[in-house]
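Just below is one structure, and these are the notes that go with it.
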């Protein structure tokens, strides 16, 4: 009886260990797939570069208008599902917050764009006050262009971070990370808001 217990126990331990290793490998492979999807989503967002380029007291160069960036459902899903801890640089890494801020920034740009189009529609039917409304539309377009520049800084930073994470997501580096504690660190200061230094 006792002689048959040890081989059974050893088989159970070996099988459990193999299961844990397979789960570990699958988890890391899934992490790399999600990172590649996130990088593709960020690169797509980086292609929204068109500005209004309006100026006060000058007509637009043409009648075309920029399309504001839009966040897809797959972008939202991947930043919810991705296990950032596997490739975070330190214990206080806030890359996930930065990706959420990118989504928020795209919403702000879309709101600016909608506001400009609303004012342009109003200009077509107004009999008086056109000059003031046009000035407001140009001011909003200038804000859009400034916000787009600021937003692109965040997108470029995120692409760079995901590229770094893909390097750290390889099996050899993940083995090393699994055997040591996550280092402590600090995040860079956030970008100042449009129209200010953030020091008020």
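The values are calculated or read from the model by the stated rules, or taken from the named source; none is laboratory data. This is a predicted model, so every value here is computed, not measured. Heads up, the Cβs are rebuilt from the backbone with ideal geometry, glycines too, and the neighbour counts pull from every protein chain shown.
Listed values, structure above:
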| quantity | calculated |
| --- | --- |
| Residue list for region 63-88, filter: touching a residue at least 60 places away in the same chain (Cβ under 8 Å), under 23 Å from residue 172 (Cα atoms) and surrounded by 14 or more Cβ atoms within 10 Å (Cβ to Cβ) | 86, 87, 88 |
| Out of 134, 166, 153, sole residue that is farther than 18 Å from residue 93 by Cβ and within 25 Å of the chain's Cα centre (by Cα) | 153 |
| All positions within region 167-194 that are modelled with pLDDT of 80 or more, within 22 Å of residue 155 (Cα to Cα) and touching a helix residue (DSSP H, G or I) at 6+ places or on another chain (Cβ under 7 Å) | 169 |
| Filtered residues of region 38-62 (kept if surrounded by 17 or more Cβ atoms within 10 Å (Cβ to Cβ) and touching a helix residue (DSSP H, G or I) at 6+ places or on another chain (Cβ under 7 Å)) | 38, 39, 41, 42, 45, 52, 54 |
| Residue within region 49-58 that is without any contact (Cβ under 8 Å) to a residue 60 or more places away in the chain and either closer than 16 Å to residue 134 by Cα or under 12 Å from the mean Cα position of the chain (by Cα) (or both) present | yes |
| Among (1) at pLDDT 95 or above; (2) more than 29 Å from residue 189 (Cα to Cα); (3) in contact with a helix residue (DSSP H, G or I) (Cβ under 9 Å, 6 or more places away or on another chain), the one test that residue 130 misses | (1) |
| Selection from region 25-43 of residues that are over 11 Å from the mean Cα position of the chain (by Cα) and touching a residue at least 12 places away in the same chain (Cβ under 8 Å) | 25, 27, 28, 31, 32, 34, 35, 36, 37 |
| Residue check, residue 117 more than 16 Å from the chain's Cα centre (by Cα) and closer than 30 Å to residue 175 by Cβ | no |
